[in-house]
Every structure is written in structure tokens, then in C-alpha cells.
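Let me begin by presenting the structure, written as C-alpha cells, before commenting on it.
The values are calculated or read from the model by the stated rules, or taken from the named source; none is laboratory data. Please read these numbers as outputs of a predicted model, since none were measured by experiment. When we count neighbours, we look across all protein chains shown, and the Cβ atoms used for this are built from the backbone with ideal geometry, even at glycine.
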């Protein structure tokens, strides 16, 4: 079954106190929930960038912006429509934008 990443876009500043337990429980009961996690603020990030045979290390987010990914949920769904429905429920529960994106199934890739 295809998997989808539901990314939570969160503005800089105070983090909303959402209660996503009910949505997570519903996803688990339906067999859609794979795993989820929240992220620390972008200021805790370390970026590794390969360039000219070296790997450069910098503190902070890769891109400065007014929004960042604050957390994510990976689900399995029969199709995009089902994944979007879970995304709608999550967006309603946390009142933040949710990006729904299919994950690439590495077992289906062919080596050239």
C-alpha cells in the first residue's frame, strides 16, 4: 500500500498546543498510521552540504523562512484521495497547514 508524508507547516514563534491524539488514534484504528514525530525548532538544526569533495557543516536551518516543518506523520493509504482525507483531519485538529506527499517505494525503483 502506498505511503504518504503529512508534513506540518508551522510559523516561527510560539507553537500551538494541538491535541492530535484523537486523529492519531483514528489513524491507528484504521490501519493507516505508520509513525509520527514532532521536531525541535529550526535553530537546533545542523545542515551538511557536500561540495567539491568536502562536507560543509552549518548551524541552523537550510533556508531562513517564516515557516518550517514542525512535525510529520507517515501513513499508508490506498490512494491520494484517502491520504488527503487524513491530511484534512490532521489540519483540522492542529489548525496548521499540512502538505501531503507520496513517498517513493524504493522496491519499485529499477537500477539502471
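The residues in the stretch 44-54 that are surrounded by 10 or more Cβ atoms within 10 Å (Cβ to Cβ) and more than 27 Å from residue 104 (Cα to Cα) can be counted, and the count is 1. Residue-level analysis places residue 57 among those that are surrounded by fewer than 10 Cβ atoms within 10 Å (Cβ to Cβ) and in a strand (DSSP E or B). Only residues that are surrounded by 10 or more Cβ atoms within 10 Å (Cβ to Cβ) and at pLDDT below 85 were counted in the stretch 60-72, giving 5. Considering the stretch 1-35, the residues that are under 11 Å from the mean Cα position of the chain (by Cα) and over 16 Å from residue 96 (Cα atoms) include one that is surrounded by the fewest Cβ atoms within 10 Å (Cβ to Cβ), namely 35. Residues of the stretch 37-54 that are within 27 Å of residue 75 (Cα to Cα) and not in a strand (DSSP E or B): 39, 40, 41, 42, 44, 45.
A count restricted to the stretch 67-103 and to residues that are in contact with a strand residue (DSSP E or B) (Cβ under 6 Å, 6 or more places away or on another chain), over 18 Å from residue 3 (Cα atoms) and part of a strand (DSSP E or B) stands at 3.
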